[in-house]
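K.L.:
This structure is in structure tokens; I'll ask about it shortly.
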Amino acid sequence: MNDTYESEIGTLLAELADVQSALLRVLKDKRQLLMTNDVDALTSIGPREQELAARLQACHERRQQLLAQADADGLPGDSIHSLSEQLSADSKQRVQASIREAANRSQLLRHQCLTNWVVVQRTLLHLSQMIEIVATGGRPKPTYDKGPGYQSGGALVDRAA
């Protein structure tokens with residue numbers, strides 16, 4: 001029992017570590033491309049992201065199968081960590097160290113995704129403000145003044161300008 005589950009958990013965690021490391025590299029590259037506004041390179045990074053997403057999905061499915069198999073064998077089937085508690089002392093230490101590393105990489109991935117999301121949101125906000133400036137000619141409508149001095153439209157939007 002221990003040898004089978006130890007090797008299967010080890011294989012799963014090794015694949016997960018490989019995918020997580022590759023995804024961290026892709027997210028770093030993507031952040032650099034976002035900051036340099038390299039649209040062509042950003043487009044080409046999409047297939048790499050899709051391939052890594054498929055590999056992560058395969059890891060998740062393998063984890064589910066492993067836990068279902070453990071549950072059928074009368075072992076804890078709620079998490080890999082609880083399943084690793086059933087291993088021998090040496091195996092347990094190795095596997096749980098790998099589990100902690102995977103959890104740390106997962107946290108780092110969440111932070112990197114959030115960072116990229118913030119960069120994209122700020123870029124969208126900036127572009128939205130630039131479009132508003134172009135559309136209104138840089139003259140926003142006064143908040144409280146309803147006098148006749150206000151002209152709507154911008155140089156690129158209004159023929160009168």
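The values are calculated or read from the model by the stated rules, or taken from the named source; none is laboratory data. Worth saying up front: this structure is predicted, and the values here are computed from it rather than measured. All Cβ positions, glycine included, derive from the backbone under ideal geometry; neighbour counts span all protein chains shown. The area values use the complete protein model at the heavy-atom level, side chains included, leaving out ligands, DNA and RNA. Shrake-Rupley method; radii C 1.70, N 1.55, O 1.52, S 1.80 Å.
K.L.:
Over the chain, with the other protein chains present, what is the accessible area per residue in square angstrom, probe 1.4 angstrom?
P.N.:
On the way: 10950 Å² over 161 residues.
It amounts to 68 Å² per residue over the chain.
K.L.:
Another question about this same structure. Divide by every residue of the chain the summed helix terms, -39500 (n - 2.57) for each DSSP H run of at least 4, and state the resulting mean residue ellipticity at 222 nm, rounded to the nearest 500 deg cm²/dmol. Don't skip to the answer; put the middle values down first.
P.N.:
On the way: 4 runs with 122 residues, N = 161.
The helix contribution divided over the chain gives -27500 deg cm²/dmol.
K.L.:
Net charge within 12 Å of ARG55 by Cβ-Cβ distance, Lys/Arg positive one each and Asp/Glu negative one each, not counting ARG55 itself? Display every interim value, and only then the final one.
P.N.:
Details: positive: ARG48, ARG62; negative: GLU15, ASP18, GLU49, GLU51, GLU61.
Counting the neighbours of ARG55, the net charge comes to -3.
K.L.:
Report the relative contact order of the range 44-124, percent, no decimals, based on alpha-carbon pairs under 8 angstrom and at least 6 residues apart.
P.N.:
Values: 25 pairs, mean separation 10.1, N = 81.
Across the range 44-124, relative contact order equals 12 percent.
K.L.:
Moving to a separate point now. Pairs of alpha-carbon atoms within less than 8 angstrom and 6+ residues apart define the contacts here; what relative contact order does the chain have, in percent? Please list the in-between numbers first.
P.N.:
Working: 108 pairs, mean separation 38.9, N = 161.
It rounds to 24 percent for the chain.
K.L.:
Cut-off 14 Å, label point 7 angstrom out along Cα-to-Cβ of THR123: give me the residues of the range 41-70 whose amide nitrogen falls inside.
P.N.:
In the range 41-70, the label zone of THR123 (backbone N under 14 Å from the point 7 Å along Cα→Cβ) covers 41-46.
K.L.:
Still on this structure, I have one more. Hey, what's the Cα Rg ratio for the range 19-81 versus the globular rule of thumb, 2.2 N^0.38 Å?
P.N.:
Working: Rg = 17.2 Å, N = 63, 2.2 N^0.38 = 10.6 Å.
The value comes to 1.62.
K.L.:
Please report, in Å, the Rg and the Dmax of the chain, where both are computed over Cα atoms only.
P.N.:
26.1, 85
K.L.:
Further question: Pick from GLU61, GLU101, GLU132: which residue has the top mean-square fluctuation in a GNM of the chain where Cα pairs under 10 Å get a spring?
P.N.:
Highest fluctuation among the options: GLU132.
K.L.:
Still on this model: Could you tell me the convex hull volume per residue, in Å³, taken over the Cα atoms of the range 47-142?
P.N.:
Numbers: hull volume 14.8 nm³, N = 96.
Cα convex hull per residue, to the nearest whole number: 154 Å³.
K.L.:
Less than 13 Å Cβ to Cβ from GLU8, Lys/Arg counted +1 and Asp/Glu -1: what total charge do the surrounding residues give?
P.N.:
-2
K.L.:
Order of 74-85, 118-129, 41-52, 6-17 by packing, highest average Cβ count within 10 Å first?
P.N.:
Values: 74-85: 15.2, 118-129: 11.0, 41-52: 12.7, 6-17: 16.9.
Averaged packing, sorted descending, gives the order 6-17, 74-85, 41-52, 118-129.
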